[in-house]
Amino acid sequence: MERLSLSALSMAILLHSVMGISYYFLMARCSPAPLLGSWLFVACIGAVLQVVHIFPQWFRNCSSLCRLTMEMAVCCFTLDLMLTKLWCRIESLCHCAIVGILQLLVTEDGTFASCEYWMLGVTTSVIGACLLWFTLWATAFPSRLRLDCTNWQKNVSRSLKQNIRHLAFGPSDLQRVSSPPIKESEQSFAS
């Protein structure tokens, strides 16, 4: 099974959450909560998608553009599904609980609306942050990211050194094409 590439996941999150090209951000707003909690939940889903192996082995044979498009489509679909089915339920439950509490305590409409907004924002943000922390801990994302960055730096450094060495000194002995030995008759003719 294949893992999603980090570039496809980043582009999908950019399209989905930042640019708002999604069902959740366009139509399925579940409560008047600020978006911070849902963005933290999107980061949580992104961390899970980065770890899970989704595509079969034959998917490697697909072209890079095809792979990128398929991975982005899967990411966007998963993000929309998780936000509308799971995060909407969490937001709705928090909203119902906060409205129930505030109806007993606050009578003015302006105070009620501002208290509802801020309490809902704090509650959903804390829940999103807790879910993100737990997901990052469970998937060991920071250590994997550090290891991937270290490997990437080593590979870039190695290839950069090889390219500089090739430019400065020409191809190495391993890269030179071995020519057939010169025959004695050809050698005497060349002299």
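Data for the structure
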quantity	calculated
Residue within region 70-79 that is among the aromatic types (Phe, Trp, Tyr), modelled with pLDDT of 80 or more and part of a helix (DSSP H, G or I) present	yes
Search result, residues across region 45-64 that are at pLDDT 85 or above and out of contact with any Phe, Trp or Tyr (no Cβ under 8 Å at 6 or more places or on another chain)	Ile45, Gly46, Val48, Leu49
Pair list, Cβ under 6 Å, 6 or more apart: region 85-109 residue farther than 20 Å from Val126 by Cα, other residue surrounded by 11 or more Cβ atoms within 10 Å (Cβ to Cβ)	Val106/Phe112; Val106/Cys115
Enumeration of residues in region 10-62 that are in a loop (DSSP other than H, G, I, E, B) and hydroxyl-bearing (Ser, Thr, Tyr)	Ser22, Ser31
Given (1) modelled with pLDDT of 90 or more; (2) closer than 26 Å to Met19 by Cβ; (3) among the small types (Gly, Ala, Ser), index of the condition Gly100 fails	(2)
Residue list for region 22-37, filter: in contact with a Cys (Cβ under 9 Å, 6 or more places away or on another chain) and in contact (Cβ under 8 Å) with a residue 12 or more places away in the chain	Ser22, Tyr24, Ala28, Cys30, Ser31, Ala33, Gly37
Sole exception among (1) of a type outside the set (Asp, Glu); (2) part of a helix (DSSP H, G or I); (3) buried (at least 18 other Cβ atoms within 10 Å of the Cβ) for Leu65, by number	(3)
In region 19-42, the residues that are under 24 Å from Met119 (Cα atoms), surrounded by fewer than 19 Cβ atoms within 10 Å (Cβ to Cβ) and aliphatic (A, V, I, L, M)	Leu26, Met27, Ala28, Leu35, Leu36
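Quick grid of which residues meet (1) more than 26 Å from the chain's Cα centre (by Cα); (2) hydrophobic (A, V, I, L, M, F, W, C); (3) under 23 Å from Arg29 (Cβ atoms):
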| residue | (1), (2), (3) |
| --- | --- |
| Leu65 | no, yes, no |
| Thr78 | no, no, yes |
| Leu83 | no, yes, yes |
| Arg89 | no, no, yes |
| Ile98 | yes, yes, yes |
| Gln103 | yes, no, yes |
| Gly110 | yes, no, yes |
| Ala113 | yes, yes, yes |
| Leu136 | no, yes, no |
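The values are calculated or read from the model by the stated rules, or taken from the named source; none is laboratory data. Computed from a predicted structure; not experimentally measured. Cβ coordinates were reconstructed from backbone atoms using ideal geometry, including for glycine residues, and neighbour counts include every protein chain displayed.
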